[in-house]
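Here the structure comes first, spelled out in structure tokens, and everything after it is commentary.
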Amino acid sequence: MSKIIGIDLGTTNSCVAVVEGGKPVIIPNEKGNRTTPSLVAFTKDGERLVGEAAMRQAVINSERTISSVKRHIGSPWKKEIDGKYFLPQEISAMILRKLKRDAEIYLGETVKDAVITVPAYFNDIQRQATKDAGRIAGLNVIRIINEPTSAALAYGLDNGTPQKVMVYDLGGGTFDVSIIEIGEGVIEVLATNGDNHLGGDDFDDRITNRLVNEIKKEYHVDIRKDFTAYRRVKEAAEQAKRELSSSENSYITLPYLIQIRGSSINFEYTLTQTEFNDLTRDLVERTAIPVQNALIDAGIAASELSKVLLVGGSTRIPAVQDKVRELTGIIPSLNLNPDECVAEGAAIQADTLSVGAITLHGGNSILLLDVTPLSLSIETVGGVATRLVERNTTIPVRYSKIFTTAAPYQRSVEIHVLQGERPMAKDNKTIGKFKLKGIKAAPAGIPQIEVTFDIDVNGILKVSAKDLDTGKEQSITITDNERMSDAQIEEAIRDAEEHIQQDGIRRQAVGISFEANNCLSRAETALSKVKKKLPKEEKKQIKADIASLRKLLVKVKPDKMMESDISSIRAAIHQLNSSSANACHMADISTESN
């Protein structure tokens, strides 16, 4: 049975892990790094770059480089590249496919199945979109798991004694806080809360804006209009944030940033930790309410917590750690690697689902009980959101409720399903609209329509409906413009597979071009050394074969080569190697004797 991998699909960086020898192991990428930047870039010749390769060219190709796509997943956002529109699921799939390939190289086998993590506060559409991204990437996503829950799994593996912990997860694009109880073989989420639009990117933006304003004040130029210069400033801002996690000051220097009237701007700025804290104070404060709400929903006081676990790279910010200490009265634990623990937990869950041998500390098998992060409601008369499933309900869960008609002799009824905590329907997130047709004509309030909500272990909602008068289940049409249709997903899969093939051809083309040039150099050098000693016909043949190979290389560049071109060049290399073998051998002997 092939291994099931665990993937932390992050806003800024992504990570993949697998269980080996009863322990989760982080899988390094092709560069040997333990995390991969969640960046995708499109070159001018159509090549798709992911991770470090995308990062290296981001400054000079900023308009065609996509970052933080996780913030858009499950939304109508799209990016146009060369006349083609890419949805967040498709961009995310490119990152996932890269992680899948790295795992296959590491494991030496094909990877088909994966557990993928999402922010606890992701709604139904965002969770399904993440599964769709996995499907496009060629993965069977056997489970979606909440990131804080995944981190708790990684912690609980070596800390199985009964305790209540808070997981404070501040990543690149989202913030989650979960209260989790670890018992004997059971990891139960008591409550979760958060903010889907708060993360490290927001801290970077505050520094970026400060630098942009300083440049504008000093040089009277708005560098936002220059994509390359603006990208350099954003990268410098992110680096400054990282430095301020361990230093009081960050010295920012950006030589030759932009040209103004023939002169280059060389920008320098010293950002202090005090200034950074002032710029981002409100962002840190925004984490307080979700922490307080999670504790209230869990029904416990902060004093009952045994540990506070920090997850996500942004928790390295000193002001964030100070805020956690202020809110809970607990010095946060640094036991977990904030960049890797979520992937490790996903790998543990993957192993558990594949009937692996992994156990909690003390030898207990693992049972994971998660919750739904947001309440589920139906719009009723007056635009009211009538709640059916409360937030922080343990999943999986199945719930049914009887509804009826609001107008006399209705033959159909639209059921508007919502996700959120607001009392009015318009203030919540639409998950779907379900149309039930063929209702028996009757006065208002007479028909009995049973609607069933079924939330699976991934936190994904399915809805069915039945007319109790006839006893027959009716068809339901789900309409949601932000979801990809099966046809769109299949098209995206084909597109991804075509580019895998193209990328493979491109790699072969680069390799064969390198080999061909080496072969030409070797043959030409040998010919110049020993041509007087060679028979006339042999010299003629070598020259002809050199000309043939060189003509093929001139005819088509590596980025335009087809498989037939590669085959022709390979055959020409073989021919030249054969005809020049004697000359090369004689040249080698001549070199040794000298």
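Couple of notes before you dig in:
- Condition check for Thr253: under 30 Å from His220 (Cβ atoms) and of a type in the set (S, T, N, Q): yes
Listed here are the residues, each with its yes/no results for (1) assigned to a strand (DSSP E or B); (2) farther than 20 Å from Asp297 by Cβ; (3) at pLDDT below 90; (4) in contact with a helix residue (DSSP H, G or I) (Cβ under 6 Å, 6 or more places away or on another chain).
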position	(1), (2), (3), (4)
Val115	yes, yes, no, yes
Thr130	no, yes, no, no
Leu153	no, yes, yes, yes
Val167	yes, no, no, yes
Gly172	no, yes, yes, yes
Asn213	no, yes, no, no
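- From the options Pro28, Pro24, residue that is in contact with a Phe, Trp or Tyr (Cβ under 9 Å, 6 or more places away or on another chain), modelled with pLDDT of 90 or more and not in a helix (DSSP H, G or I): Pro28
- Positions within the range 522-541 being polar (S, T, N, Q) and either open to solvent by 70 Å² or more (accessible area, probe 1.4 Å) or free of Cβ contacts under 8 Å to residues at least 60 places away in the same chain (or both), in sequence order: Ser528, Gln541
- Search result, residues across the range 132-147 that are under 20 Å from Ser2 (Cα atoms) and assigned to a helix (DSSP H, G or I): Gly134, Arg135, Ile136
- Options Pro443, Pro447; residue that is free of Cβ contacts under 8 Å to residues at least 40 places away in the same chain, out of contact with any helix residue (DSSP H, G or I) (no Cβ under 7 Å at 6 or more places or on another chain) and outside any strand (DSSP E or B): Pro443
- Output for the range 371-394, where each listed residue is part of a strand (DSSP E or B), within 21 Å of Ser178 (Cα to Cα) and at pLDDT below 85: Val371
- Checklist (1) modelled with pLDDT of 80 or more; (2) buried (at least 16 other Cβ atoms within 10 Å of the Cβ) applied to Glu482, failing item: (1)
- Pair list, Cβ under 8 Å, 6 or more apart: the range 45-72 residue within 18 Å of Val16 (Cβ to Cβ) and among the acidic types (Asp, Glu), other residue open to solvent by 50 Å² or more (accessible area, probe 1.4 Å) and assigned to a loop (DSSP other than H, G, I, E, B): Glu52/Lys31; Glu52/Asn33
- Meets criteria (surrounded by fewer than 24 Cβ atoms within 10 Å (Cβ to Cβ) and within 14 Å of the chain's Cα centre (by Cα)) for Arg71: yes
- Residues of the range 274-311 that are open to solvent by less than 30 Å² (accessible area, probe 1.4 Å), more than 30 Å from the chain's Cα centre (by Cα) and farther than 15 Å from Lys323 by Cα: Ile300, Leu305.
- Taking the range 76-114 as the range and being charged (D, E, K, R), open to solvent by less than 60 Å² (accessible area, probe 1.4 Å) and under 18 Å from Val16 (Cα atoms) as the test, the residues that pass are Arg97, Lys98, Lys100, Asp102, Glu104, Asp113.
- Residues of the range 239-254 satisfying the condition of being charged (D, E, K, R) and surrounded by 12 or more Cβ atoms within 10 Å (Cβ to Cβ): Lys241, Arg242, Glu243
The values are calculated or read from the model by the stated rules, or taken from the named source; none is laboratory data. The structure displayed is predicted, hence computed values, not measured ones. Because the Cβ atoms are built from the backbone with ideal geometry, glycine has one as well, and the counts that use them run over all protein chains shown. With ligands, DNA and RNA removed, areas are computed over all heavy atoms of the protein, side chains included. Shrake-Rupley method; radii C 1.70, N 1.55, O 1.52, S 1.80 Å.
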